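Below you'll find the structure, written out as structure tokens, and then a few comments.
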Amino acid sequence: MNPLDAIAPFYDLDFGGLQDDLDFYLNWARSEGSPILEVGCGTGRVLTYLAQAGFQVTGVDSSASFLEVARQKLTGTLKKRTNLVQADMRQLALGREFSLAIVALNTFAHLTCLDDQLRALERIHRHLRPGGLLILDLGNPYGILDTTDSALVLAWL
């Protein structure tokens, strides 16, 4: 069992209403076109939004429970525009290429060792068409610092 499976029923309570990044992904989707790969799609927040806009989206997540929550959101046309795959991003082997790959909402930070990060990036790269685009959303670790005290910031860095 994936350790994340236990939080799947509660994930949308925290993040389901988050919309600040959705238009950013939509604009890039319009620029790059289908098909789109979302790595670490979780409960389908980004995937569903892009599918509603008419894009073909494959969502990959290592958690079967997260994918089940996502699957329940996909009805009718959305089901036809999406494909959900349980896989580890470090071992991704879908046998197809995408115009755009998205790793949203700090998902990449779940990979805490450099070898795992490099392996995942290499696997994602293999799935991009020539000239394809990867959007990797990572939080700024220095964003938590109080920048009103520049001496502290300089000492911290």
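Observations
- Check on Phe55, in contact with a Pro (Cβ under 8 Å, 6 or more places away or on another chain) and surrounded by 19 or more Cβ atoms within 10 Å (Cβ to Cβ): yes
- Within region 71-82, residues that are surrounded by 17 or more Cβ atoms within 10 Å (Cβ to Cβ) reach partners that are hydrophobic (A, V, I, L, M, F, W, C) and in a loop (DSSP other than H, G, I, E, B) with beta carbons closer than 6 Å, at six or more positions or on different chains, in the pairs Thr82/Leu74.
- Residue that is surrounded by the fewest Cβ atoms within 10 Å (Cβ to Cβ) [pool: residues in region 1-44 that are touching a helix residue (DSSP H, G or I) at 6+ places or on another chain (Cβ under 6 Å) and not hydrophobic (A, V, I, L, M, F, W, C)]: Asp5
- Screening region 107-139 for residues that are β-branched (Val, Ile, Thr) and either surrounded by 15 or more Cβ atoms within 10 Å (Cβ to Cβ) or under 13 Å from the mean Cα position of the chain (by Cα) (or both) and picking the one that is farthest from Tyr25 (Cα to Cα) gives Ile124.
- Residue pairs whose Cβ atoms lie under 8 Å apart, separated by 6 or more positions or on different chains, with the first residue in region 29-49 and more than 13 Å from Val103 (Cα to Cα) and in contact (Cβ under 8 Å) with a residue 60 or more places away in the chain and the second aliphatic (A, V, I, L, M) and in a helix (DSSP H, G or I), are Ala29/Leu50.
- Enumeration of residues in region 20-48 that are polar (S, T, N, Q) and more than 14 Å from the chain's Cα centre (by Cα): Asn27, Ser31, Ser34
- Verdict on Asp14 being of a type in the set (Asp, Glu), out of contact with any Lys or Arg (no Cβ under 7 Å at 6 or more places or on another chain) and farther than 22 Å from His127 by Cα: yes
- Across region 129-143, the number of residues qualifying as free of Cβ contacts under 8 Å to residues at least 40 places away in the same chain and outside any loop (DSSP other than H, G, I, E, B) comes to 8.
- Within region 8-19, the residues that satisfy the criterion of being part of a helix (DSSP H, G or I) and without any contact (Cβ under 8 Å) to a residue 12 or more places away in the chain are Phe10, Leu13, Asp14.
- Which numbered condition Leu138 misses (of (1) among the aliphatic types (A, V, I, L, M); (2) modelled with pLDDT under 95; (3) farther than 19 Å from Leu37 by Cβ): (3)
- Filter result (touching a residue at least 40 places away in the same chain (Cβ under 8 Å) and surrounded by 15 or more Cβ atoms within 10 Å (Cβ to Cβ)) within region 83-106: Leu84, Met89, Leu92, Leu94, Phe98, Ser99, Leu100, Ala101, Ile102, Val103, Ala104, Leu105
The values are calculated or read from the model by the stated rules, or taken from the named source; none is laboratory data. Just so it is clear, the structure is predicted and the values come from calculations on it, not from any experiment. Here Cβ is always computed from backbone atoms with ideal geometry, including for glycine, and neighbour counts include all displayed protein chains.
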